[in-house]
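Engineer: This is the structure, below, for whatever I ask next.
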Amino acid sequence: MDKLEISHNRFESIKHVDEFENEYWYARELMHALEYKKWQKFINVIDNAKTACEKSGSLIDNHFTQVGKMVDIGSNTSRKIKDYKLSRYACYLIVQNADPRKKEVALGQTYFAIQTRKQEISEKEYNLLTEDEKRFYQRSLTKKGNYSLNKAAKNVGVKNFDKFHN
C-alpha cells in the first residue's frame with residue numbers, strides 16, 4: 001500500500017455521513033489522525049482555519065459546527081468536552097494551517113486537496129447537464145435517499161412501511 005492509499009484510508013476511516021449524505025469529520029478525531037497530542041495546540045490550528053474561512057467570505061458556522069461530547073474521565077464519571085463537526089472545506093483549511101513538519105499533515109493536505117478537486121469536477125460536470133439530465137440525476141439521488149431511509153427504518157423495527165412513508 002502506498003502513502004496515498006494510507007492517507008486516503010486514514011481520513012476516510014474517520015469520515016462520517018449524515019442522513020442527508022453530507023460528509024463531516026469530528027475535530028478531535030482529525031486531531032488524532034494528524035497526530036496532534038493536545039487539544040490546546042490543535043484548537044489554535046482550528047482558530048486559524050476559522051479565520052481563513054471568514055476572510056474567504058464563507059460563514060464559519062456552515063463549516064465549523066460546535067458540538068459537545070460526553071467522555072468518561074474515570075471513577076464512573078463523565079464530563080462534556082467541546083468538539084467540532086467539520087465540513088470537507090473546514091478540514092482542508094485545518095490541514096493547510098497545521099504544522100507542515102508533520103508527515104501526517106502533509107498526507108492530510110494531499111488527501112483533502114485531491115478529494116476537494118474531485119468534488120469540484122463533479123459539480124462542473126453537473127452544471128454541464130441538460131435540465132432533463134439534472135432531473136434524472138436528482139431522482140436517482142432521491143431514490144438512494146429513500147433506500148437509505150427504508151433501511152434505517154427497517155433496522156429500528158418499522159413494520160408498516162405504508163404508514164411510515166405517510
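The values are calculated or read from the model by the stated rules, or taken from the named source; none is laboratory data. If you're wondering where the values come from, they're calculated on a predicted model, not measured in any experiment. Please note: Cβ atoms are built from the backbone with ideal geometry, for glycine as well, and neighbour counts cover all protein chains shown.
Engineer: Go through segment 49-58 and count every residue that is under 14 Å from Leu86 (Cβ atoms) and surrounded by fewer than 15 Cβ atoms within 10 Å (Cβ to Cβ). Give the derivation first.
Structural biologist: Pass one, segment 49-58, residues under 14 Å from Leu86 (Cβ atoms): 49-50, 52-53, 58.
This time we only want the ones that are surrounded by fewer than 15 Cβ atoms within 10 Å (Cβ to Cβ), so: none.
Residues that pass the stated criteria total 0.
Engineer: For segment 39-136, give me every one of the helices (runs of 4 or more DSSP H) that falls completely inside it and has 3 or more residues that are at pLDDT below 90.
Structural biologist: Passing ranges, in order: 103-127.
Engineer: Please verify whether Asp72 is touching a residue at least 24 places away in the same chain (Cβ under 8 Å) and not β-branched (Val, Ile, Thr), treating the condition exactly as stated.
Structural biologist: On the way: touching a residue at least 24 places away in the same chain (Cβ under 8 Å): no; not β-branched (Val, Ile, Thr): yes.
When the stated conditions are applied, Asp72 does not pass them.
Engineer: In this structure, does Ile94 turn out to be in the same structural domain as Met31 (by TED's automatic domain parsing), surrounded by 12 or more Cβ atoms within 10 Å (Cβ to Cβ), under 14 Å from the mean Cα position of the chain (by Cα) and among the hydrophobic types (A, V, I, L, M, F, W, C)?
Structural biologist: So Ile94 fits the description; yes.
Engineer: Residue check: is Asp99 in the same structural domain as Asn22 (by TED's automatic domain parsing), among the acidic types (Asp, Glu) and within 19 Å of Asp18 (Cβ to Cβ)?
Structural biologist: no
Engineer: While we're here: One residue is enough: does segment 21-36 have a residue meeting the conditions outside any helix (DSSP H, G or I), under 15 Å from Tyr111 (Cβ atoms) and of a type in the set (D, E, K, R)?
Structural biologist: Yes, segment 21-36 has at least one match.
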